[in-house]
Every structure is written in C-alpha cells, then in structure tokens.
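Working notes, beginning with the structure itself.
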Amino acid sequence: MGVYLNRNFLLSYAASFVSLFGSKLLMISYVAFVYGETGSATLASAVFAADWIANLFVGLLATRYIDRADARRLLVLLNVVAAAVTLLFLSALSPRMFPLAVGVVFARALLGSAVNAARVKALVQFFDEEQTDTYSTVFNSSLFLAIAAAGAVGSFILRFVDLRTVVLLDVATFLLSAALFALVRPNRRRIEAARRESAGARENVVANLRSAAVLIARSPVISSAFFYIVLAVTALQATYEVLITAVPELWFGMGRSGMAVFFTAEWLAVFAGVFVYQYLSRRGMVPERLQARLTVALVGFAALMYAVLPLARGGLGPALAVFVLLVFAGEVVWAHQYKRLIAHSPDSRVSSVVGLLTAVYYSLMALAGFAFSLGMDTIGVEWAIGIDVAVIVLLVAAWEYAALRRRQRTAPGSPEPGSSRSAGTLPARPLASVTVPAAGRPTKEETA
C-alpha cells in the first residue's frame, strides 16, 4: 500500500472522492425522496437520466478545451462554480418543484462531467508516466466508490436530517475539494511534453470528435476497451443502480434501510474489485495476451450472477452474496479496460478520447436505466433482468465474433491484398510493469 502514499495522489484522490461523494449523496437522497413520495421507479430514474445525459454535452463539446487546459486550475474553478449552482437546489426541495430540481440536477451534471474530464487530464498532468499507469485505475475508482458510499448513506440519512442539510453538505464538499486540488503540485515536465505534442493543433469541435473517433476505431486495444467499458456501465451498473432503489422494498420489505445495505455491499464489492485487480496487475498476473479471455470470462460470470439474482429473492443473505459477486466481476472488467484505455491513448488526446467515451456511456446509461425502470414497473423485475442478461450475451458474442474476423483479416498470410498486422493502428504507450518510487517521493523528472 506504500505506493499510494504519494502526496499528489492522496490530495487528488481525496478531492475527487469528497466532491463525488457529496454530489452523489444529494442525488441519491433526492431519488430516495422522489421514490418515497411517488412510489414510481420510472419517475425516480428520470433524475438519474438528467444527471447522466448531461455528460453527452461535455463529452462532445468541451473536451478539446480541457485537453489544452491547466487541470489543477480548472478543477478548482469547476468545484467552486458547482458549489454555487448547488445552492439553487434549496429552492426546489418540495415535490411540486420537481421540474426545477431536475433542471438544477442537469446543470450540476454538466459541471460534474467537466470535473470528471479534467480529472482524467490530471492523470497526465499530476504524475509521470509510470505513476499514471499505476494510479489510473484506483484514481478513477473514486467515482464508483463515491456512488456506492453515497448510496449507503443517502438512502438512510433522510431519517435524521432534512434534504436542505444534505444540499448544504454537498456545497461544503465541493469547496473542500477545490481547496485540496489547489494544493496539488503538477508535473511540469509532463505538461510541457503534452503541449509540444499538441502544438499547432487548433481543431474545431467536429474535427476534434472525428480525430478521437478515428483514434478509437483504428486501435483494436482502445476500441475493445471502449466497448467493454460501455457495456459494464450500461447493461450492468445502470441497471443494478436502478434495481437496488426498489428491490430491497419489493423483495424484503426493508425500504431505505435495505437500500443502505445494498449500497454498502456495492461499495465493498467495488473496493475489492479495484484493489484485487491492482494487486494482480502490478505483479504481472493480468497479461495483455490473455485480456480477451479474461474479459469475456468475467462478463459471462457477471451475467450469470445477474441471471441467478431473482432466484435468491427468498433470502437477504443469498441475494447480497450474488449481488456482491455481480458487482465485483463488473468492476474488474471496468478496471482492466480503463487502464488499457488510458495507457494506449496519447497524452494530448486523453481527455478527448475519454470524453467521447463518457458521452456515449452516460447517454446509454440514461436510456438503459430508464428502460430497465420501465420494465420493472410494467413486466416485473425478473423479466427485466432476463432481458438485460440476454442483451449482454448477444452484444458480447457479436463483438467477439467481429474482433475475431478482424484479426483473421489482418493476420500474416491473409489473402486480402494490402492487409497488414499493423494497418490502421496507432502507436501507443505500453502498459507499464514498473517499480514505483518510494511513498511520497517525487521522481527526478517531477518538479513542483
């Protein structure tokens, strides 16, 4: 664990977690409030949809600016503005003000999405190359850990405090996050290298998106990571986040306390998934040559656990055990693919690539969550889960078949004229298997 006692990592991770925790605490508390007032999973999921779909705009329109920005200054500014916008929520706390509340949620989500894109850029501005490879998975796991921790607290906190207090707590977390980011010491050498790489490039929005899309399409590694990250956060995360806002009451009659139990289980599963993967990866036990088999096996296991989940509705213990295994497998898939995505994306394009990724998966999360909620309300939980599992199996089978055909076309000796093993690919930074500097000590290349 000593590798994580790096000053920049601790400050930026704490700032990310605090900001995300406060934001998600308010979101989940408000969703629990809406569901408690209306009893409608569909209406409650509209709040999530407003939050998720805002990421489409930032991912498509703003990342070209973020790729050229100073990540530390941008993170401080965005968190301060987010605190100010969150104060507007104080005038939208009654059920009759639901449309205004959704509007504030959308505005906060725009800022939150920009913060997430800037945090990705921070990976190549706060650390050297070795540290980026080491920290990328854990650094960005703060999002999922914050969601799970906020869910555990948010579904229960309204018994003790009112929603106004939760809003003020969210404001305080944004301001604390801004203060922590202000203390980070960027890696000036890495910043200058990225600026030289992108010197003279002044693309408009369309050209920037096209460049990012071409980069993704031409690299089999990046495109595979893109597909599986989208799959993990839509067909798995989006649906089980919706599921655990209703299932504790539907299956076990536990209401908000049941939601807290399931969100706590999610937090533990996410934490275990990230650090088990990191432990194995840093010891060379997750080789690139086995990534396809590993990913398919994990997705298959997650789908199996999802299919089994309705069978465990007779007991809270078995249901939690199956749920933890489902989340754990999905988190390992996300961790592995996210690390590959960051490692193979050029520093000067990393925010654009991840921005396009988040625009896609947040938009699809909104659709998946809404469709799953509608299925729960109309055809029942079991059928909604069954359809989701079938979609997962079909998508993975189709993707792997297409990937196999592409490998066959580009293999040596292929009869297709002009084909080449490296055709259409771009040079990438390899996944590092390195010794990380002692805890808290910057490398010789890193400057204050």
| request: Determine whether segment 306-321 contains at least one residue that is open to solvent by 10 Å² or more (accessible area, probe 1.4 Å) and closer than 26 Å to residue 120 by Cα. | output: no
With the first residue restricted to segment 261-288 and required to be open to solvent by 60 Å² or more (accessible area, probe 1.4 Å), and the second required to be polar (S, T, N, Q) and in a helix (DSSP H, G or I), Cβ contacts under 9 Å at 6 or more apart or on different chains are 271/141; 282/134
message = Can you find a residue that is buried (at least 20 other Cβ atoms within 10 Å of the Cβ) and not aliphatic (A, V, I, L, M) anywhere in segment 380-389?
response = yes
Residue pairs within 6 Å by beta carbon, gap of at least six or interchain, first lying in segment 386-402 and in a helix (DSSP H, G or I), second of a type in the set (Ser, Thr, Tyr) and open to solvent by less than 60 Å² (accessible area, probe 1.4 Å), listed first then second, are 388/239; 389/306
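Residues checked against (1) surrounded by fewer than 21 Cβ atoms within 10 Å (Cβ to Cβ); (2) within 18 Å of the chain's Cα centre (by Cα); (3) in a helix (DSSP H, G or I):
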residue	(1), (2), (3)
222	no, yes, yes
228	no, yes, yes
233	no, yes, yes
239	no, yes, yes
242	no, yes, yes
246	no, no, yes
249	yes, no, yes
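The values are calculated or read from the model by the stated rules, or taken from the named source; none is laboratory data. None of the values given here were measured: they were computed from a predicted structure. Because the Cβ atoms are built from the backbone with ideal geometry, glycine has one as well, and the counts that use them run over all protein chains shown. Each accessible area value is taken on the protein alone, full model and side chains, heavy atoms only, with ligands, DNA and RNA left out. Shrake-Rupley method; radii C 1.70, N 1.55, O 1.52, S 1.80 Å.
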